[in-house]
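Taking it in order: structure first as structure tokens, then the write-up.
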Amino acid sequence: MSSIIKSEKVIKESLEILANKINKDYKDIDVIDIICFVNGASIFCSDLIKLINIPTKLHYFKFSMYQDLPSNGEVQIDQDVTDSLQNKHILLLEGLVISGRTPLYLYNFFKLRNPASIKFCAVGIKKETIQVELNVDYHMFNFQDEWVEGYGIGNMENKILPCLVNVRED
């Protein structure tokens, strides 16, 4: 049994606040190269770019976790960004940051491409479970011990919900 923890209305309101921060921070930038991590940020990305008033170039990045290995954050790249990112202003979009290991791995992966700047943006973070030094520049929500699904996050039928739900049974 799942319970709604962030309604569609709350998500839309938070998106507007987030987009306003991004618009303000990037006001002097010609183009933002947005890299959407397809695994958990597709819906978030689709909604967010409609609210960004700075020209954007959208890239999709797909990865999968290595099976049978302890999770150090390293991923198998299934779809990479093919354009040069050198001297570009990159904004990485993720769904949910839990341990931070995978986002940190991907941050460093893109940093090797010598962008002018690189920032990280997520729907939500779990501050108490982050195990690495990771600066999440923008996020909408903080979560504790909820098992969050919906709004593009998760692996089951809840992934397509327009809200965020807690599927953890207490």
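With surrounded by 12 or more Cβ atoms within 10 Å (Cβ to Cβ), modelled with pLDDT under 95 and under 22 Å from residue 155 (Cα atoms) as the only criterion, which of 134, 69, 48, 96 stands out?
96
For region 144-159, which positions are of a type in the set (Phe, Trp, Tyr) and either surrounded by fewer than 18 Cβ atoms within 10 Å (Cβ to Cβ) or in contact with a Ser or Thr (Cβ under 7 Å, 6 or more places away or on another chain) (or both)?
Of everything in region 144-159, just one residue is of a type in the set (Phe, Trp, Tyr) and either surrounded by fewer than 18 Cβ atoms within 10 Å (Cβ to Cβ) or in contact with a Ser or Thr (Cβ under 7 Å, 6 or more places away or on another chain) (or both), namely 147.
Going through region 79-103 one residue at a time, which ones are under 30 Å from residue 148 (Cα atoms) and of a type in the set (Val, Ile, Thr)?
Result: 81, 90, 97, 98, 102.
Residues 32, 54: which one is over 27 Å from residue 167 (Cβ atoms), touching a residue at least 12 places away in the same chain (Cβ under 8 Å), open to solvent by less than 60 Å² (accessible area, probe 1.4 Å) and within 18 Å of the chain's Cα centre (by Cα)?
The match here is 32.
Only strands (runs of 3 or more DSSP E) wholly contained in region 20-134 count here; list those with 1 or more residues that are under 27 Å from residue 8 (Cβ atoms). Give the steps one after another, and end with the answer.
On the way: elements: 32-37, 56-65, 75-79, 89-97, 117-125.
Where strands (runs of 3 or more DSSP E) fall fully within region 20-134 and carry at least 1 residues being under 27 Å from residue 8 (Cβ atoms), they are 32-37, 56-65, 89-97, 117-125.
Condition check ((1) more than 15 Å from residue 99 (Cα to Cα); (2) β-branched (Val, Ile, Thr)) across all residues:
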site	(1), (2)
125	no, yes
135	no, no
147	no, no
155	yes, no
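The values are calculated or read from the model by the stated rules, or taken from the named source; none is laboratory data. Note that the coordinates shown come from a computational prediction; the quantities given were computed from them, not determined experimentally. Note that we place each Cβ from the backbone using ideal geometry, even for glycine, and neighbour counts take in every protein chain shown. Surface areas here come from the heavy atoms of the whole protein model, side chains and all, with no ligands, DNA or RNA. Shrake-Rupley method; radii C 1.70, N 1.55, O 1.52, S 1.80 Å.
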